[in-house]
1. Scanning segment 21-39 for residues that are part of a loop (DSSP other than H, G, I, E, B) and touching a Lys or Arg at 6+ places or on another chain (Cβ under 9 Å), which turns out surrounded by the most Cβ atoms within 10 Å (Cβ to Cβ)?
2. So, of the residues in segment 4-20 that are part of a loop (DSSP other than H, G, I, E, B) and touching a strand residue (DSSP E or B) at 6+ places or on another chain (Cβ under 9 Å), which turns out to be nearest to ASN71 (Cα to Cα)?
3. Given the criterion out of contact with any Phe, Trp or Tyr (no Cβ under 8 Å at 6 or more places or on another chain) and either among the aliphatic types (A, V, I, L, M) or modelled with pLDDT under 80 (or both), identify the matching residue among GLY85, GLY3.
4. Answer yes or no as to whether ASP17 is of a type in the set (Asp, Glu), at pLDDT 85 or above and under 11 Å from the mean Cα position of the chain (by Cα).
5. For segment 40-51: of the residues being of a type in the set (Asp, Glu) and in a helix (DSSP H, G or I), which is nearest to ARG70 (Cα to Cα)?
Amino acid sequence: MSGKGKLYYESGKIAYDGHLEQDLFHGSGTLYNELPETLTTSFDFKNFEEIEEYWVKYEGKNTIYIGQFRNDKKEGHGSLMLTNG
């Protein structure tokens, strides 16, 4: 699938709303984290390999990442809040 679209978790909650290219997140979009985990230690913001499920940004009742994607990965400018604030 290519173009703008929405994807949903099995629970029915929205998972992604944005651009896709060949079934991959690509371009601008909003990624919703259905089950964020609480981060209780410090986090090296320069090393996103360790981010796992420790990210969250509250906007209403949704937990989200808003930003750019390339080939299914977060890339470029975006907003991201960690669960430790």
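The values are calculated or read from the model by the stated rules, or taken from the named source; none is laboratory data. What you are looking at is a predicted structure, and each value in this text was computed from that prediction instead of being measured. Cβ placement follows ideal geometry from the backbone for every residue including glycine, while neighbour counts extend to all protein chains displayed.
1. It comes out as ASN33.
2. Per the criteria, the residue is TYR9.
3. Among GLY85, GLY3, only GLY85 is out of contact with any Phe, Trp or Tyr (no Cβ under 8 Å at 6 or more places or on another chain) and either among the aliphatic types (A, V, I, L, M) or modelled with pLDDT under 80 (or both).
4. So ASP17 passes the test.
5. Here the residue is GLU49.
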